[in-house]
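Trainee: Quick one: this structure, given as structure tokens, is what I'll be asking you about.
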Amino acid sequence: MDPLSPGLPPGFRDLAFQEAARRRALDGKLAVIFDTHGYGEVLPSGIEFLDVYTRGNQVISERAFKFLDREDRLLALRADFTPAVARMVATRLGGAQEALRIWYSGNVFRRVKPRNGGYAECWQVGAELVAESSVEHDCEVLTIALECLSALGMGTAGVHINHAGVFRGILNALELPEDARAQLKSEIDHKDARALANHLEELGVPAAIGEQVHVLARSIGGPEVLREAASVLKDSESQSAIAHLQRVANGLAGLSERVTFDLTEIDELEYYTGIMFTLFSPDRRSPLGMGGRYDALLRTFGSDRPAVGFTLFMDSLMEGQ
Amino acid sequence: MRTALLIGLPKGRLFQGAIDLLSRAGIVTDGGQGSRKLTFSDAEGRHEFVALKPADIPIYVESGAVDAGVVGSDILREQDYDVYEPLDLRIGLCRLVLAAPDGADLREREHLRIATKYPRTATRFFAARNRHTHIVRLEGSVEIAPLLGLADAIVDLVETGRTLRENGLRVVEDVAPISAKLIVNRTAMKTRNSAIRSLITRLDAVVYANS
């Protein structure tokens, strides 16, 4: 680098004065909400063993900034909060069996593709509820996520809710070899209905299951899409996922204008174990946050406790404000 | 929030085919008369179009700068883009092929040098065949590279095969069939679902009218 023009590596930026003040103000608003709901703040270490980011079907380790310590162990800069918090809960707070309500605010660091002008350092605020798996706990976290968006001036932003079991039930019932399963997941993700139908036919999948996939592909809307899905889905895993979402719909009845049920997405990485959701605003070009239930993640750190949580992408929220 | 759906169309090889499709679907109503401008819109103001360099379209769509776009699968497969690909438009049909000078036997070459505009696609193709190659990335006129001794063979698009023949090359193997796809931004698919679904349905009806 030219010594006369010291600058930042690509993907990074500084915040000065008003920008920093704005961040502090938004952080303060969210702190009040979490405090009201009985969530305590944590700040996990900024550096972890890389291993923290490779457990439980995560892919984030590919994008982590990695380096070695003095004993040549692989370390990573914090690339995601959820696994760092999971590691912290399992190793420091694991003895407690009562519900743990946790929130955090800080930066994550990810190696971004040089194109697109993306940021390598992103501010995230989020919460985790480590307690038994229940509809009430799912609804608590969803309600707080929407409350946070309202407090940030995004009262029209809503949540698209899905359940990992919907497609997983269908895929498991098909008993496909691993590569065919992976290809099918990728096609479901692409949303090409024709390519998917052709491929299902090639695989010799019964027409009734093809019809289920076809119905899910357009299942985006109010609670009525759950009723339609319930009428066509046959395997027990998919059915119980839909039944769970119907209970979530009841639990969030007061927020129904901001809730969309969206069964079109597939949890391609098989990371989530229950609900999964994304927060959107009609006037933002990227999601405002996401979350879900990942009951298996803490187990990979040796603490078999279920958890549900969400993360707000604060840079998307602040963009254009 | 913009009211019209903004759609990126690729300048060049695919442009007229895309305009024809949109016209037949009743989405472009002036036969593309307005298309000489940088951006143009349909009569009802429900769709706006912008002509972009084909290779840039996935980035515009991925970032949400435009809501949807038309792009060749050759470009789409070359990098991993985080977009939806809901419809194969069946235009711009051609093949991506491995081609070599007439009479050359690639099996005998120890260190195969391949000239291409598609380095990642070519690398994947040879890796799947357990063949180690050296990729020479070029911007265009790839077919000239073997003649000048830059490469032993090329991976490039073929429509009629005339360009290959004129340069003394023949097809060794197909790499992939190519056609244009409709791609959609992941957030637009959610926040503008009914408009996007209507676009997909109308195009689907025209593209697959006879099947």
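Throughout, read-outs are computed from the coordinates displayed, never taken from laboratory work. Just so you know, these numbers come straight off a predicted model, no measurement behind them. Methodologically, a virtual Cβ is constructed for each residue, glycine included, from the backbone with ideal geometry; neighbour enumeration extends over all protein chains shown.
Trainee: Mind checking the mean number of beta-carbon atoms from other chains within 10 Å of the Cβ atoms in A:279-287?
Mentor: That average works out to 4.
Trainee: For a test of the definition: using alpha carbon positions, the gyration tensor, and the 1.5 limit on a/c, classify region A:52-210 as rounded, prolate or oblate.
Mentor: It is prolate, given that a/c is not under 1.5 and a/b is the larger ratio.
Trainee: Could you work out how far helix B:193-207 tilts from the main Cα principal axis of chain B, as a 0 to 90 degree angle to the nearest 10?
Mentor: Around 60 degrees separate the two axes.
Trainee: Once you've got the GNM for chain B with C-alpha springs shorter than 10 Å, pick whichever of B:D174, B:D105, B:D152 has the biggest mean-square fluctuation.
Mentor: Looking only at B:D174, B:D105, B:D152, the largest GNM fluctuation is found for B:D105.
Trainee: Can you give the mean number of other chain Cβ atoms that lie within 10 Å of the Cβ atoms in peptide B:187-200?
Mentor: 4
Trainee: With each label point set 7 Å from Cα along the Cα-Cβ vector, what nm distance links A:S134 and A:R218?
Mentor: Spacing of the two 7 Å Cα→Cβ label points: 3.9 nm.
Trainee: A follow-up question, please. Pick out, from B:Q79, B:L199, B:A18, the residue whose Cα sits farthest towards the positive end of the charge dipole of the protein assembly as shown, with +1 on the Cβ of Lys and Arg and -1 on the Cβ of Asp and Glu.
Mentor: In the protein assembly as shown, that residue is B:A18.
Trainee: Loop-only check: which trypsin sites (Lys or Arg not before Pro) in region A:101-175 are DSSP coil with at most 16 other Cβ within 10 angstrom?
Mentor: A:R111
Trainee: Let a ≥ b ≥ c be the square roots of the eigenvalues of the Cα gyration tensor of region B:94-176; is it rounded (a/c under 1.5), or, if not, prolate (a/b larger than b/c) or oblate?
Mentor: Rounded is the answer for region B:94-176, as its axis ratio a/c remains below 1.5.
Trainee: I need the shape label for the protein assembly as shown. Rule: rounded when a/c is under 1.5, else prolate if a/b > b/c, else oblate, with a, b, c from the alpha carbon gyration tensor.
Mentor: Cα axes put the protein assembly as shown in the prolate bin.
Trainee: Helix A:18-36 against the longest principal axis of chain A: what's the angle in degrees, Cα atoms only, rounded to the nearest 10?
Mentor: Orientation of helix A:18-36: about 60 degrees from the principal axis.
Trainee: Quick one: which residues, 5 or more positions from A:G274 or on another chain, have an amide H under 5 Å from its amide H? H modelled 1.01 Å from N in the peptide plane, none for Pro or chain starts.
Mentor: The answer is A:A164, A:R293, A:D295.
Trainee: Right, here's the next one. If the reach is capped at under 18 angstrom between alpha carbons, list the lysines near B:K11, excluding any in the same chain fewer than eight residues apart.
Mentor: Correct list for B:K11: B:K37, B:K53, B:K117, B:K181.
Trainee: By how many degrees, between 0 and 90 and to the nearest 10, does the Cα long axis of helix A:135-151 differ from the longest principal axis of chain A?
Mentor: Rounded to the nearest ten degrees, it is 50.
Trainee: Place a point 7 Å from the Cα of A:D35 along the Cα-to-Cβ direction; which residues of region A:147-167 have their backbone N under 17 Å from it?
Mentor: A:148, A:151-152
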